[in-house]
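Student: Input: one structure, supplied below.
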Protein chains: 2
Amino acid sequence: MTRPRGVVVVTGSELVRGERTDRNGPFLAAELLRLGIEPARIAIVGDGAAELEAALREGLEADLCVVSGGLGPTHDDRTVQMLARAAGLELAVDPELEAEIEGFSRRIAERLKRPYGDFAEGVRKQATLPAGALVIGVAGTAPGLVLGRNGSAVVVLPGPPPELQRLWPAALESAPVRAVLSRARVPDRRALRFYGASESTVARALAEAGGEADGLTATICAREFEIHVDLVAEKDARESADRLASALRERLGEYLFAEDERPVEALVLDSARELGLTVATAESCTGGLVAARLTSVPGSSDVFRGGIVAYANDVKAAEVGVPEELLARHGAVSPEVAQALAAGARERLGADVGIGVSGIAGPGGGTPEKPVGRVYLHAEGPRSGLARELDLGGDRAAVRARATAAALHLARALLAQIRDKGA
Amino acid sequence: MTRPRGVVVVTGSELVRGERTDRNGPFLAAELLRLGIEPARIAIVGDGAAELEAALREGLEADLCVVSGGLGPTHDDRTVQMLARAAGLELAVDPELEAEIEGFSRRIAERLKRPYGDFAEGVRKQATLPAGALVIGVAGTAPGLVLGRNGSAVVVLPGPPPELQRLWPAALESAPVRAVLSRARVPDRRALRFYGASESTVARALAEAGGEADGLTATICAREFEIHVDLVAEKDARESADRLASALRERLGEYLFAEDERPVEALVLDSARELGLTVATAESCTGGLVAARLTSVPGSSDVFRGGIVAYANDVKAAEVGVPEELLARHGAVSPEVAQALAAGARERLGADVGIGVSGIAGPGGGTPEKPVGRVYLHAEGPRSGLARELDLGGDRAAVRARATAAALHLARALLAQIRDKGA
């Protein structure tokens, strides 16, 4: 029995033109996979009627089609109209929905001090639905819809990712989607996360360990400095998956840092919390990204005390306490200053563990001795520390993102060492 | 005359499953747009034969189809085979290409201390081409190809983004692609960026100003708190575009903050630089994101002095100098503390302009008086300041991202005020 087929249609001119990177396609595809539906295609189209209609027609051939975007009040938001055309359904205004969107729009009109008349046409447009569509919720003035068709289902969601993600659970509760999900088969998934090994090394170990088997697929994916291996096993291939996972643990144990989906910032916070330790940062070239990743985790405030972005040299000296003499002798980008930043973060911010980052993100500022991409990291604990030197390729954004990931992994390694050795 | 139609086909199981976000589609789409070809669709499919062949068939209907990925040596890399099938072309080994890939593979085999025989089948596979295909270069062991078909062209490139981007210029030089580009028309583009107006208000103003015309398309796109209007005009519609842009300036002048593509963090830095002012931040709920966005801009170090992420209350007091009495009386999330954070950033970090952010990002920490999403912002200059209170919807990531954008816009507004009034 094959798995139900899922298709994602994403609409937005700025997305098909490459002016913005779509986030909804990957989110929805991962959701389909998790639910036991095979993500077969993500189609990104603009707001032109012909291209959108063609993509929706193809989407209607899937067991579950999820559409994102094109639900706004303006003329170039055509998803509902084109869906009705592709599905051969009449359009009509839903009076109840119109009243709900009108209420919301009147409040906006009031706040903006504009007559409601300016909004009426858009409200009417947004309350116009294909025959038989279910409203699963409203995000701002845009309704989320579900349409059932002979055992298959179409879900239509607003484009802004937070609103799409908020309405998605309601779509899963709807009868047409539940009918599709009743035919889904949720595979068994195992995540192995490696750090410090190359993609080739992991691929090689995977092949030597026996590799894929009937009903067992293995994907290897490099993500910043991590290598993510995902084993997806059908019911009758679970033993093969267990064997493969064990063999990988044995061969690559020194690089394995997690067997779940928690990002490294969550691992750092969880380890520190278990040990009763607090964390602080002092960053130069990453400019706050390490602190931003740590504070992206809900509940981080019980572990993370704060951070200093020490961009100017006198800020490094005055705010973090990096000795001026050290800056003069070794330069701001040096192992010594990275260590002083980590130590200063501990001391000034009253934390047990300090993370220090100093480097050259580029495009300017490189020298023959210290080229663009050179980054020094230091993680300092109560009784021990770890240091790392990196030479990173790529542009400014890539250097900053990779240095941030490496700094978090260094803190993770230090916390593991403290846990294991009490050091 | 319409513009040649471009389609991008991206293949990769980890991409269609949402395990990784595709970067090639946006890169190629932006390239097509720049070259005067209309990016009509980005299709992301896995490595299954049927889905890939269907996507390639649709791609062959375009004037220019660019395919990324599926060129590796293993059985699940099927792009060339499926392209030949979709185009109805024979496959044959290219001896010259085989020799080139063999040389490369022998060096890999040596390094890995494996017999070359292990590689021979993969090499033969990678040297197998559809009849008439041009080799435009080799990335590792994967060849980039161009196929001409009755005035249209298909470009096949390897999946790793650096290799794809390296071979792309050679594809543009090939005769079949040049034939398509000779029919391309590079449009005239105008960007208008609004802040503080709703999408409906902008849409309404656009309609009242005459809206789209022959050869003139207008897209409206909400991005965090900004509304982006892009006018794309064919040669004979440039006057209509000028008229429309003037009318929008007149109607929405108070919200218009830029007529170029610079992000708000670059506008803040450029304004400060022009005025000879420096900038610093003190953030609570945004956890370093404001500093990270400011330092994402190359050359920010001549304006941005540093920032403090003051998560714990005693860090707010000790590091930023927020009076303990103020924290006790008004709470850490208050207009008073946001102002004290901005003032403290100026003073402690020796900057002319300070940006202070305090709020409740959630999911915990809300109260009836100060719910999740409440954020207080303050921008303080040498002689004046601006404050703002926000109630933001969405999850933790959305609240943090929107508060960050709003803080940058507040700083931009303060700098504009300083420039205009000398205040």
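Student: For B:Glu369, state whether it is over 17 Å from B:Gly287 (Cβ atoms) and within 14 Å of chain A (Cβ to nearest Cβ).
Tutor: Against the criterion (over 17 Å from B:Gly287 (Cβ atoms) and within 14 Å of chain A (Cβ to nearest Cβ)), B:Glu369 does not qualify.
Student: Restricting to segment A:167-209, what's the tally of residues that are within 11 Å of another protein chain (Cβ to nearest Cβ) and modelled with pLDDT of 90 or more?
Tutor: Of the residues in that region, 1 qualify.
Student: Is it true that B:Arg85 is in contact with an Asp or Glu (Cβ under 8 Å, 6 or more places away or on another chain) and at pLDDT 95 or above?
Tutor: yes
Student: Taking segment A:372-393 on its own, how many of its residues are within 13 Å of chain B (Cβ to nearest Cβ) and surrounded by 16 or more Cβ atoms within 10 Å (Cβ to Cβ)?
Tutor: Number satisfying all stated conditions: 1.
Student: For segment A:1-60, which positions are free of Cβ contacts under 8 Å to residues at least 12 places away in the same chain and at positive phi?
Tutor: Correct list: A:Gly18 only.
Student: When you go through B:Arg20, B:Arg41 one by one, which is the residue that is surrounded by 21 or more Cβ atoms within 10 Å (Cβ to Cβ), at the interface with chain A (Cβ under 8 Å from one of its Cβ atoms) and not hydrophobic (A, V, I, L, M, F, W, C)?
Tutor: B:Arg41
Student: Filter segment B:5-16 down to the residues that are surrounded by fewer than 24 Cβ atoms within 10 Å (Cβ to Cβ) and of a type outside the set (S, T, N, Q), then identify the one that is farthest from A:Phe27 (Cα to Cα).
Tutor: Result: B:Arg5.
Student: Being of a type outside the set (A, V, I, L, M, F, W, C) and modelled with pLDDT under 95: is that true of A:Glu96 here?
Tutor: Against the criterion (of a type outside the set (A, V, I, L, M, F, W, C) and modelled with pLDDT under 95), A:Glu96 qualifies.
Student: Can you find even one residue in segment B:73-82 that is among the aliphatic types (A, V, I, L, M) and without any contact (Cβ under 8 Å) to a residue 60 or more places away in the chain?
Tutor: yes
Student: In addition: Only one residue in A:Gly365, A:Gly354 is out of contact with any strand residue (DSSP E or B) (no Cβ under 8 Å at 6 or more places or on another chain) and not acidic (Asp, Glu), so which one is that?
Tutor: Just one listed residue meets the conditions, A:Gly365.
Student: Could you tell me which of the residues A:Glu38, A:Glu14 is at pLDDT below 95, among the charged types (D, E, K, R) and either closer than 24 Å to B:Leu32 by Cβ or not assigned by TED's automatic domain parsing to the domain that holds A:Val156 (or both)?
Tutor: Answer to the check: A:Glu14.
Student: Among the residues of segment B:130-148, is there at least one that is buried (at least 18 other Cβ atoms within 10 Å of the Cβ), farther than 21 Å from B:Pro169 by Cα and touching a Pro at 6+ places or on another chain (Cβ under 9 Å)?
Tutor: Within segment B:130-148 (the criterion being buried (at least 18 other Cβ atoms within 10 Å of the Cβ), farther than 21 Å from B:Pro169 by Cα and touching a Pro at 6+ places or on another chain (Cβ under 9 Å)), the answer is no, since none of the residues qualifies.
Student: Would a scan of segment B:336-352 turn up a residue that is within 14 Å of chain A (Cβ to nearest Cβ) and β-branched (Val, Ile, Thr)?
Tutor: No - not one qualifying residue is present in segment B:336-352.
Student: Just to be sure I understand, how many residues within segment A:3-17 are polar (S, T, N, Q) and facing chain B (nearest Cβ under 9 Å)?
Tutor: Qualifying residue count, segment A:3-17: 1.
Student: Note down all Cβ pairs under 6 Å where the first residue falls in segment A:333-344 and is surrounded by fewer than 24 Cβ atoms within 10 Å (Cβ to Cβ), the second is polar (S, T, N, Q), and they're at least six residues apart or on different chains.
Tutor: As it stands, the answer is A:Val333/A:Ser358, since those pairs meet every condition given.
Student: Out of A:Leu390, A:Leu410, which single residue is assigned to a helix (DSSP H, G or I) and under 28 Å from A:Val303 (Cα atoms)?
Tutor: The unique qualifying residue is A:Leu410.
Student: Within segment A:298-305, does at least one residue satisfy the condition of being facing chain B (nearest Cβ under 8 Å), in contact with a Phe, Trp or Tyr (Cβ under 7 Å, 6 or more places away or on another chain) and farther than 24 Å from B:Ser296 by Cβ?
Tutor: Yes, there is a match, as at least one residue in segment A:298-305 is facing chain B (nearest Cβ under 8 Å), in contact with a Phe, Trp or Tyr (Cβ under 7 Å, 6 or more places away or on another chain) and farther than 24 Å from B:Ser296 by Cβ.
Student: Only residues in segment A:128-143 that are within 14 Å of chain B (Cβ to nearest Cβ) and in contact (Cβ under 8 Å) with a residue 60 or more places away in the chain count as the first member; pair them with residues that are assigned to a loop (DSSP other than H, G, I, E, B) and among the charged types (D, E, K, R), Cβ under 9 angstrom, at least 6 apart or cross-chain, and list the lot.
Tutor: A:Ala142/A:Asp77
Student: Can you work out which of the residues in segment B:374-404 that are at pLDDT 95 or above and small (Gly, Ala, Ser) is nearest to B:Thr278 (Cα to Cα)?
Tutor: Selected residue: B:Gly381.
Student: Out of A:Pro73, A:Pro26, which single residue is more than 22 Å from A:Leu134 (Cβ to Cβ) and facing chain B (nearest Cβ under 8 Å)?
Tutor: A:Pro26
Student: Which of the residues spanning segment B:187-210 are without any contact (Cβ under 8 Å) to a residue 12 or more places away in the chain and either on the phi > 0 side of the Ramachandran plot or crowded, with 21+ Cβ neighbours inside 10 Å (or both)?
Tutor: B:Ser200, B:Arg204, listed by residue number.
Student: When residues of segment A:347-372 are filtered for being at pLDDT below 95 and on the phi > 0 side of the Ramachandran plot, how many remain?
Tutor: 2
Student: Could I ask something else about it? Scan segment A:213-244 for residues that are over 27 Å from the mean Cα position of the chain (by Cα) and either in a loop (DSSP other than H, G, I, E, B) or among the aromatic types (Phe, Trp, Tyr) (or both) and jot them down.
Tutor: The answer is A:Asp214, A:Gly215.
Student: Test A:Gly159 against the criterion of being under 35 Å from the mean Cα position of the chain (by Cα), farther than 23 Å from A:Val10 by Cβ and small (Gly, Ala, Ser), and give yes or no.
Tutor: So A:Gly159 does not fit the description; no.
Student: Can you give me the number of residues within segment A:245-291 that are without any contact (Cβ under 8 Å) to a residue 40 or more places away in the chain, closer than 17 Å to A:Ala379 by Cα and not in a loop (DSSP other than H, G, I, E, B)?
Tutor: Of the residues in segment A:245-291, 5 are without any contact (Cβ under 8 Å) to a residue 40 or more places away in the chain, closer than 17 Å to A:Ala379 by Cα and not in a loop (DSSP other than H, G, I, E, B).
The values are calculated or read from the model by the stated rules, or taken from the named source; none is laboratory data. Everything quoted here is computed from the prediction, not taken from an experiment. Because the Cβ atoms are built from the backbone with ideal geometry, glycine has one as well, and the counts that use them run over all protein chains shown.
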